[in-house]
Amino acid sequence: MLSRRKLLQGATAGGAALTLGGALGARRAEAGTLTIGFIYVGPKDDYGYNQAHAEAAAQLKSMHGVKIVEEEKVPETDDVEKTMQSMIELDGATLLFPTSFGYFDPYMLRVAKKYPKIEFRHCGGLWTNKDPMNTGSYFGYIGMGQYLNGIAAGYATKTKKLGFVAAKPIPQVLLNINSFTLGARSVDPSITTQVIFTGDWSMPVKEAEATNSLADQGADVVTMHVDGPKVVVQTAAGRGMYVCGYHANQSKLAPEKYLTGAEWNWITVYKMFVEDMQAGKSLPNFVRGGLAEHFVKMSPYGPAVSATARAKIDATKAEMMKGGFTVIKGALKDNKGKEVVPAGKAYPETAIELESMNYLVEGVIGSTS
């Protein structure tokens, strides 16, 4: 399949490279149509991070006056710059969503400076007012979802040993591990979570090895924070483990073993940006939201979730939806015995301190280094 970036390279090599004026011509050809570009680092059907964005992009197609262009499997290199440029030059895109973490700096920022009249919004980047004003970032507080996953796991486990397959020990991943563990320990304080870091976002072989290792160590419920959870879900189910999902709904992969999952609900964010663009409004530069704002949702319950577990999860979620619910609160120790949150202190999901989390809580077996 010929990618847009290769089409653009071919045009350049043939001496017929399109210019910004060419993009304007493309937009005039579809007057009144808002063309939006989505760029994914992996396949759109990965049952994970990329699929969650692609599902929202598919929903946007039903909106009046909207055209969607997409490219998948774009590396976090200057390839993504070429893809963004081709979407602008060849397709007339005026709003771009480069969705992967590594696209933000320097690639998106660099292209945004070249095209000051094009809007760029990135998933997860920490935008500041030092960055171009035609750029911005959006993200969701999914730690609450992992806390609810933990409650489901806490009721399902027989061994009191849970497993977590994670990519890298960065703050957001650590928050998910900690939230999952604290949710489980709200059911039974003796429960532990063994975490294994694979080292990168998509390493299927290592993800399978990690899941098998967790099963060998007695874990009977597993969750994850990797780009494509498919391997973890299928390997865990094959070993008789229950699974809590992440990013998207993986229940089709293990219908009997899937408990529930913390999912992104990106259509809320994308629809807001599109409606602002269509209304001629300035787009916000920094957007965040959680369960209450419908940026995050939970997968339907699987058959293995007991009525008692459902009641507890539903009640906890209802508290979260009211606002003010905190997962990270004192007195809280890390897994080395050091107090990390003093008694009486609580960090809501919006707390900036959580974006620099560098510890694993008591009950987690593993290390950040």
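The values are calculated or read from the model by the stated rules, or taken from the named source; none is laboratory data. Keep in mind that what you see is a predicted model, and the values were worked out from it rather than measured. Using ideal geometry, Cβ is built from the backbone for each residue, glycine included, and neighbour counts are taken over all protein chains shown. The accessibility values were calculated without ligands, DNA or RNA, using every heavy atom of the protein model including side chains. Shrake-Rupley method; radii C 1.70, N 1.55, O 1.52, S 1.80 Å.
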*Considering only strands (runs of 3 or more DSSP E) fully contained in segment 258-314, which possess at least 2 residues that are farther than 30 Å from L96 by Cβ, within 22 Å of the chain's Cα centre (by Cα) and at pLDDT 95 or above?*
258-264
*Across segment 45-63, what is the number of residues that are open to solvent by 30 Å² or more (accessible area, probe 1.4 Å) and farther than 21 Å from I88 by Cβ?*
6
*Determine which single condition G218 fails, assuming it passes every other condition in (1) assigned to a helix (DSSP H, G or I); (2) free of Cβ contacts under 8 Å to residues at least 60 places away in the same chain.*
(1)
*May I ask you to list the residues in segment 93-122 that are in contact with a Pro (Cβ under 8 Å, 6 or more places away or on another chain), buried (at least 21 other Cβ atoms within 10 Å of the Cβ) and in contact (Cβ under 8 Å) with a residue 24 or more places away in the chain?*
F104, Y107, M108, F120, H122
*Residue that is of a type outside the set (V, I, T) and modelled with pLDDT under 95, where the choices are K333, K322*: K322
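Rundown of residues vs (1) among the hydrophobic types (A, V, I, L, M, F, W, C); (2) assigned by TED's automatic domain parsing to the domain that holds M357; (3) surrounded by 24 or more Cβ atoms within 10 Å (Cβ to Cβ), yes/no style:
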position: K130; (1), (2), (3): no, no, no
position: P169; (1), (2), (3): no, yes, no
position: R185; (1), (2), (3): no, yes, no
position: P189; (1), (2), (3): no, yes, no
position: Q194; (1), (2), (3): no, yes, no
position: V222; (1), (2), (3): yes, yes, yes
position: H225; (1), (2), (3): no, yes, yes
position: G228; (1), (2), (3): no, yes, yes
position: T235; (1), (2), (3): no, yes, no
